[in-house]
Ligand code: PNS
C-alpha cells in the first residue's frame with residue numbers, strides 16, 4: 001500500500017493543484033489531500049470551506065481523501081497517517097528553490113520523501129494569491145479555478 005500526502009493551504013484550490021492531485025492518484029494507492037491553516041494568517045476561505053471545496057473537486061478520484069491538517073508539522077501529519085511520500089507540483093525554478101529546503105527538512109524530521117511532479121505548463125502562471133488579486137480587481141479567473149470555487153467567489157461578491 002503506497003500512500004502519499006498532497007499538502008497545501010488551497011486558498012483557493014485551482015486547476016494546477018487539481019492536475020497534480022489527479023496525477024498523484026495515478027501513482028499512489030491512496031492520496032490524502034491535507035489542507036493546512038496558518039492561524040496567524042487571514043484566509044479567504046475557512047478551513048472547513050476549503051476542505052469541502054476540495055472534497056467536491058477531487059473526492060471522486062480513486063483513492064483520494066481530503067483532511068484538515070491544522071497548523072501542525074507536515075512531516076508529523078504524514079507519519080501519523082502512514083504516508084511515506086509528500087507530492088508537490090513544481091511550476092518553475094523558483095518553486096524548486098523554495099521547495100527543496102522544506103523537502104530536506106521534512107526528510108530529516110521523519111524520513112518522509114518528497115516527490116516533485118512537473119506541473120502542466122497550462123497552469124504555470126497560476127497561483128492562489130494571483131487568482132484572489134485578479135478576481136478582486138474584476139478580472140476573469142474562470143479558466144483557472146473549478147466551478148466549486150467560482151460559485152463561492154461569486155456569492156461572496158468579492159469584487160465590490
Ligand atoms: O499552499 P501552500 O501555502 O504553499 O502550502 C504550504 C505548506 C502547507 C505545504 C507548508 O507551509 C507546510 O508544509 N506547512 C506545514 C508546517 C510545516 O511542516 N512546516 C515546516 C516545513 S519544513
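What follows draws every value from the coordinates through simple rules; no lab data is involved. Keep in mind that this is a model prediction, so the values were computed, not measured. When we count neighbours, we look across all protein chains shown, and the Cβ atoms used for this are built from the backbone with ideal geometry, even at glycine.
Against the chain, whose longest principal axis comes from its Cα atoms, helix 47-58 is set at around 80 degrees. Extension gain for the segment residue 124 to residue 140, taken as residue separation times 0.36 nm less the Cα-Cα distance, is 4.0 nm to one decimal. Note on residue 104 and residue 22: the model spin-label points, each 7 Å out from Cα along the C-beta direction, lie 3.4 nm apart.
For residue 46 and residue 81, what is the calculated FRET efficiency with R₀ set at 25 Å and r taken between the beta-carbons, to the nearest 0.05?
On the way: r = 22 Å, r/R0 = 0.88.
E between residue 46 and residue 81, to the nearest 0.05, is 0.70.
Return one number: the angle in degrees, 0 to 90 and rounded to the nearest 10, between the long axis of the Cα atoms of helix 15-27 and the longest principal axis of the Cα atoms of the chain. Tilt relative to the chain: about 30 degrees.
What percent do you get for the relative contact order of region 49-160 when only Cα pairs under 8 Å and 6+ apart count?
Numbers: 87 pairs, mean separation 26.0, N = 112.
Across region 49-160, relative contact order equals 23 percent.
Per-residue ellipticity at 222 nm computed for the chain from its helices equals -13000 deg cm²/dmol, with DSSP H segments shorter than 4 residues left out and the rest contributing -39,500 (n - 2.57). Using alpha carbons only, how many angstrom separate the centre of region 86-160 from the centre of region 18-41? Computed from Cα coordinates, the inter-centre distance equals 11 Å.
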